[in-house]
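A short reminder: the numbers here are calculations on the coordinates, not readings from a lab. Source: prediction; values computed, not measured. Reconstructed Cβ throughout: ideal geometry from the backbone, glycine too, with neighbour counts over all protein chains shown.
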Amino acid sequence: ARFDAEQNGKRAFNNYNNNTAGVSTPIQDVLVRSIPTLVLYDDNGLDIFNDITHVDEYYITNAEMQIFKDKSDEIAQAHVGNNGVLIELGVGSMRKTRYLLDAIVSQNKSVTYYALDLSAQSLTQSLQPLALQFPSIKFVGLLGTYDDSLLYIKDHLARDNGSTRTLLWLGTSIGNTTRKEAAEFLERVKRLAMQDGDVLLCGIDRRNDASVVKTAYDDPKGVTRAFILNGLRHVERIFGGETGELFPLSKFEYVSLYNADLGRHEAYYRSLEKQRVEVDVDSLPHVFEFEEGELIFIEYSIKYDAEDIKRLMDQSGLRWAKEWLDQTERYSLHCFAK
Ligand code: AVI
């Protein structure tokens, strides 16, 4: 996969290498090779991401938990219909989902909760305990991509009884796509998966202090580093390699950069030396050559201020219904209507 265009790793290295603080404005016209962000989410990556949600410096989870703890009654009351359907796009931390389900049960609402994930194992792990804890709620796992789920909702979860559908896109998953992709995805959500009266609850991380974002994405215990570097283990397996055979961790490191002007955290691998990686692609030999210091893009985590959110709504056509900010005002949960 290519990021923006053809590779130009040497320029990337030269431009980034002067940056010692790590909080910087990366040079915009630099083109680097990329690996799809999705490789971060093999079963091991999902486990490590779950560890990240327990890291204090990763403020996003605590902020979101606090909103759900304080506002679940209101959310369940106003935005979850009786005999309604809840659809969570990407099962995240079930700790916050519990608050919402608790509120729904205490309001004697009966709902079906659909959870989407790319991993059957993670669906089972997440849903089994919830099914035991909330016997009055029906749980259904959906295995597939976001876009698969939109078609499934359109074709199979059409509303026939007047009850509403509540879609959940939580954590800060919206940040892992570009702003343009995010707006396009929300437009598809609106067009394919929402009818009048339905809502989308969307978690958004805000443009916070650069140092706060930087520490969240390069935490002192190295959990984020382990999460990102695990992506290389997954790439190795995709190419049929053994652990550490193709991309030894002695030869690659994690680079975390926060571009405050663009409100965008960028995660890269850096090749620590000039090296060749030989793999088979579709049974044909293929050689990747990396320069010493070359950066390889792996993940964006994009942050939004009020203007950015307004633009997102204009572009997707979604309407503002309500929003809740956490106490630290670093993170917000938005209720969008069709
Ligand atoms: C899953 N996603 C919303 C996380 C984020 O904040 O972008 C993934 C992550 N990457 C590094 N730390 C956490």
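Per-structure values
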{"read-out": "Dipole axis of the chain (+1 Lys, Arg; -1 Asp, Glu on Cβ), positive-most option in Leu100, Leu142, Ala267", "value": "Leu100"}
{"read-out": "Base-10 log of normalised Debye intensity for segment 113-251 (one unit scatterer per alpha-carbon) at q = 0.12, 0.14, 0.17 Å⁻¹", "value": "-0.73, -0.94, -1.18"}
{"read-out": "Dmax and Rg, reported as Rg then Dmax, of segment 39-189 (C-alpha, Å)", "value": "15.2, 45"}
{"read-out": "0 to 90° range, to nearest 10: angle between helix 120-133 axis and the chain longest Cα axis", "value": "30 degrees"}
{"read-out": "Residue of Asp198, Asp148, Asp305 that the Gaussian network model of the chain assigns the largest fluctuation, springs spanning Cα pairs under 10 Å", "value": "Asp148"}
{"read-out": "Total charge dipole magnitude, the chain, about the Cα centre, Cβ charges on Lys, Arg, Asp, Glu only, Debye to nearest 20", "value": "900 debye"}
{"read-out": "Relative contact order [Cα under 8 Å, 6+ residues apart], segment 144-294, whole percent", "value": "16 percent"}
{"read-out": "Too-long pairs where the Cα-Cα distance tops 23 Å, listed order kept, from Lys96/Lys338; Lys109/Lys138; Lys180/Lys338; Lys96/Lys138; Lys214/Lys322; Lys310/Lys338", "value": "Lys96/Lys338; Lys214/Lys322"}
{"read-out": "Neighbour-count order for His54, His79, fewest beta carbons within 10 angstrom listed first", "value": "His54, His79"}
{"read-out": "Unit charges on C-beta of K, R, D, E only; dipole of segment 231-338, Debye", "value": "640 debye"}
{"read-out": "Overall form of segment 295-338 per C-alpha gyration tensor (a/c, 1.5; a/b vs b/c)", "value": "oblate"}
{"read-out": "Computed magnitude of the charge dipole of segment 29-139 (debye, nearest 20; Cβ of K, R +1, Cβ of D, E -1)", "value": "460 debye"}
{"read-out": "Degrees between helix 94-106 axis and first principal axis of the chain (Cα, 0 to 90, nearest 10)", "value": "0 degrees"}
{"read-out": "Sparse-neighbour loop sites [trypsin sites (Lys or Arg not before Pro); segment 152-241; at most 14 other C-beta within 10 Å; DSSP]", "value": "Lys221"}
{"read-out": "Folded to 0 to 90 degrees: helix 43-52 orientation relative to the chain principal axis, Cα", "value": "80 degrees"}
{"read-out": "Per residue, the convex hull volume that the Cα atoms of the chain enclose (Å³)", "value": "137 Å³"}
